[in-house]
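Structure record follows, encoded as structure tokens.
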Amino acid sequence: MRARAALLQLYRLGVLLAVAWLIRAHHLRLRVEGDRPVRVEEVAGWFTNAAGLQLDLTARGGFHVLDKAGAELGYLIRTLPHADRTIGYCGITDTLVALDLNGRVLGFKIRHSEDTKTHVGDVMADRHFRKTFNQMTWDQVAGMDLKQAGVEGVSGATMTSLAVAEGIVHRFRVAQGELRPQPVRWGTRDIGLAAVLAFALWLSFAKAEGRERWRRWFQWLVIGYVGFLNGDLLAQSLFAGWAKSGIAWRMAPGLVLFAAAAVLVPWATRRPLYCQQLCPHGALQEVVTRFAPGRWRWTVPASLDRALRWLPGALLFGVLFVVMLPLDFDLASLEPFDAYVIRSAGVATILVAVVGLGAAMFVPKAYCKYGCPTGALLEFVRARGVEDKFGRRDWVAGLLLLAGLAMHWQHAAFFQLIFGTAV
Ligand code: SF4
């Protein structure tokens, strides 16, 4: 029994991590390949035996150039989309840079440009300019000051050529910045969140006597400090952003600690730490229910209750579609949590918050039960003791992972099916 429960918990955490990894890998691929996937023929000038390109999923985000036998010949990076703000005369330029096995630049070439065609032609015709970065290492390119280095650009196409050079330096710098260890910044906000988390842990694990009284005071602190003052609520938009771009543990260690505890404490101990103690919207719903007249209380019919309980899970599928395709949809508008940051809150998120709080006057924690994808996600990983069995949630989570895999491997087909156009 114990072994089965432990395996189930491993399965749940595994599914969660696999989905997060999938989103990360998918977005790295979209970022690196952009709208014009790099083809192996484009590198033939540098690597005559090149037979394939293998995407590098590290922070460098380029391609390993391989021969037929799979041996590495060199490395390739593309300046777009990272350098999409570097505009020359009238448009952006997409440049390929090749490096040899020692990490030294072999050369660069323009693969596509929205700049004036004649300027682009002038740039590529200038042999001297084309050798600007030759034999330089990654660090040397990233640390280069074009002005100091006397790079003046190509006569007659100065802006286009300088934009190409700047784009290359920027592209190397972005990856180097990601590779270089950055200090973790612990601010007062992070310390405050850690203190709130410590108190919530005490409330969750302390003996019952007197705990409820403390909890009611604590709820006001959570609503006021975590919610309205900091706006540090866990949400699908936050999780999706971290899955896509990496966890912001250097910039917001307090929030990362919060999120880690929200997932790992229920996973290991069965206690729904975040939903029970730390979520400002959960706390506010409880307050609204306490103040609402008892005669307003409504019991949801069993059939409606069963049907509505599918909604949070269905929303998780929706989130996955938005993230993987990717659709131009603001995930923050799906949940009420952004409404706590009043100055920047959108109409949709405020509407979801108000409707959820209104519903709490009739059905306690109605939004938590029938509308919250973040709550569903945290509930999915929560342990349920030695009697725990593989249930409906686990099947749905498995399906979610399969859907993610399908969208990753068959991205172009999905895109075509939904939008009717090629990626
Ligand atoms: S279910 Fe959602 S709204 Fe409710 S407490 Fe949990 S995270 Fe907050």
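Out of everything in the range 317-335 that is assigned to a helix (DSSP H, G or I) and surrounded by 20 or more Cβ atoms within 10 Å (Cβ to Cβ), what residue ends up being farthest from the ligand (Cβ to nearest atom)?
Met324
Check off (1) in a helix (DSSP H, G or I); (2) at pLDDT 95 or above for Val363 and give me the number that stays unchecked.
(1)
Looking at Phe239 and the list (1) touching a helix residue (DSSP H, G or I) at 6+ places or on another chain (Cβ under 7 Å); (2) closer than 14 Å to Leu377 by Cβ; (3) not acidic (Asp, Glu), which single condition is not satisfied?
Going through the list (1) touching a helix residue (DSSP H, G or I) at 6+ places or on another chain (Cβ under 7 Å); (2) closer than 14 Å to Leu377 by Cβ; (3) not acidic (Asp, Glu), Phe239 breaks only (1).
Identify the single condition in (1) more than 10 Å from the ligand (Cβ to nearest atom); (2) open to solvent by 50 Å² or more (accessible area, probe 1.4 Å) that Ala292 does not satisfy, given that it satisfies every other one.
Checking Ala292 against (1) more than 10 Å from the ligand (Cβ to nearest atom); (2) open to solvent by 50 Å² or more (accessible area, probe 1.4 Å), the one that fails is (2).
Assess whether Asp394 counts as being acidic (Asp, Glu), touching a residue at least 12 places away in the same chain (Cβ under 8 Å) and outside any loop (DSSP other than H, G, I, E, B). Reasoning before the result, please.
Numbers: acidic (Asp, Glu): yes; touching a residue at least 12 places away in the same chain (Cβ under 8 Å): yes; outside any loop (DSSP other than H, G, I, E, B): yes.
Here the answer is yes, as Asp394 does meet what is asked.
Quick one: in the range 101-160, which of the residues that are touching an Asp or Glu at 6+ places or on another chain (Cβ under 7 Å) and closer than 20 Å to Gln176 by Cβ is surrounded by the most Cβ atoms within 10 Å (Cβ to Cβ)?
In this case the residue turns out to be Leu106.
Only one of these is small (Gly, Ala, Ser), modelled with pLDDT under 90, closer than 30 Å to Glu72 by Cα and under 25 Å from the mean Cα position of the chain (by Cα): Ala20, Ala25. Name it.
Ala25
Of (1) at pLDDT 95 or above; (2) within 19 Å of the chain's Cα centre (by Cα), Asp305 satisfies all except one. Which?
Condition (2) is where Asp305 drops out.
Any idea which residue in the range 399-418 is nearest to the ligand (Cβ to nearest atom), counting only those that are over 19 Å from the mean Cα position of the chain (by Cα) and not hydrophobic (A, V, I, L, M, F, W, C)?
Per the criteria, the residue is Gln410.
Looking at Trp298, Trp217, can you tell me which residue is surrounded by fewer than 17 Cβ atoms within 10 Å (Cβ to Cβ) and within 21 Å of Gly371 (Cβ to Cβ)? Before the answer, list the steps.
Values: Trp217 fails: within 21 Å of Gly371 (Cβ to Cβ).
Of Trp298, Trp217, the one residue that is surrounded by fewer than 17 Cβ atoms within 10 Å (Cβ to Cβ) and within 21 Å of Gly371 (Cβ to Cβ) is Trp298.
Among Ala198, Ala208, which is the only one that is at pLDDT below 90, surrounded by fewer than 21 Cβ atoms within 10 Å (Cβ to Cβ) and assigned by TED's automatic domain parsing to the domain that holds Val265?
Ala208
Select from the range 345-398 the residues that are within 21 Å of the chain's Cα centre (by Cα), surrounded by fewer than 20 Cβ atoms within 10 Å (Cβ to Cβ) and more than 15 Å from the ligand (Cβ to nearest atom) and list them in ascending order.
Ala345, Gly346, Gly398, listed by residue number.
Mind listing just one residue for me: the one in the range 243-259 that is within 15 Å of the chain's Cα centre (by Cα) and within 16 Å of the ligand (Cβ to nearest atom) and, of those, farthest from Leu201 (Cα to Cα)?
Here the answer is Leu255.
Considering the range 192-219 alone, what residues qualify as being in contact (Cβ under 8 Å) with a residue 40 or more places away in the chain, away from the ligand (no atom under 15 Å from the Cβ) and of a type in the set (Phe, Trp, Tyr)?
Phe205
Inspect all residues belonging to the range 41-50 and state whether any of them is out of contact with any Asp or Glu (no Cβ under 9 Å at 6 or more places or on another chain), open to solvent by less than 40 Å² (accessible area, probe 1.4 Å), closer than 27 Å to Arg173 by Cβ and in a helix (DSSP H, G or I). Working first, answer last.
At the first step, the residues of the range 41-50 found to be out of contact with any Asp or Glu (no Cβ under 9 Å at 6 or more places or on another chain) are 41-45, 48.
Among the residues that remain, those that are also open to solvent by less than 40 Å² (accessible area, probe 1.4 Å) are: 42-43.
Retained after the next criterion (residues that are closer than 27 Å to Arg173 by Cβ): 42-43.
From what's left, in a helix (DSSP H, G or I): 42-43.
The answer is yes; a qualifying residue exists.
Would you call Leu229 of a type in the set (A, V, I, L, M) and open to solvent by 40 Å² or more (accessible area, probe 1.4 Å)?
Yes, satisfied.
Report every pair of residues separated by at least 6 positions or lying on different chains whose Cβ atoms are under 9 Å apart, first residue within the range 131-157 and free of Cβ contacts under 8 Å to residues at least 24 places away in the same chain, second open to solvent by 90 Å² or more (accessible area, probe 1.4 Å) and in a loop (DSSP other than H, G, I, E, B).
Leu146/Glu152
The values are calculated or read from the model by the stated rules, or taken from the named source; none is laboratory data. All figures in this text were calculated on a predicted structure; none of them were measured in a lab. Positions of Cβ are generated from backbone atoms using ideal geometry, with glycine treated the same way; all protein chains shown enter the neighbour counts. The area values use the complete protein model at the heavy-atom level, side chains included, leaving out ligands, DNA and RNA. Shrake-Rupley method; radii C 1.70, N 1.55, O 1.52, S 1.80 Å.
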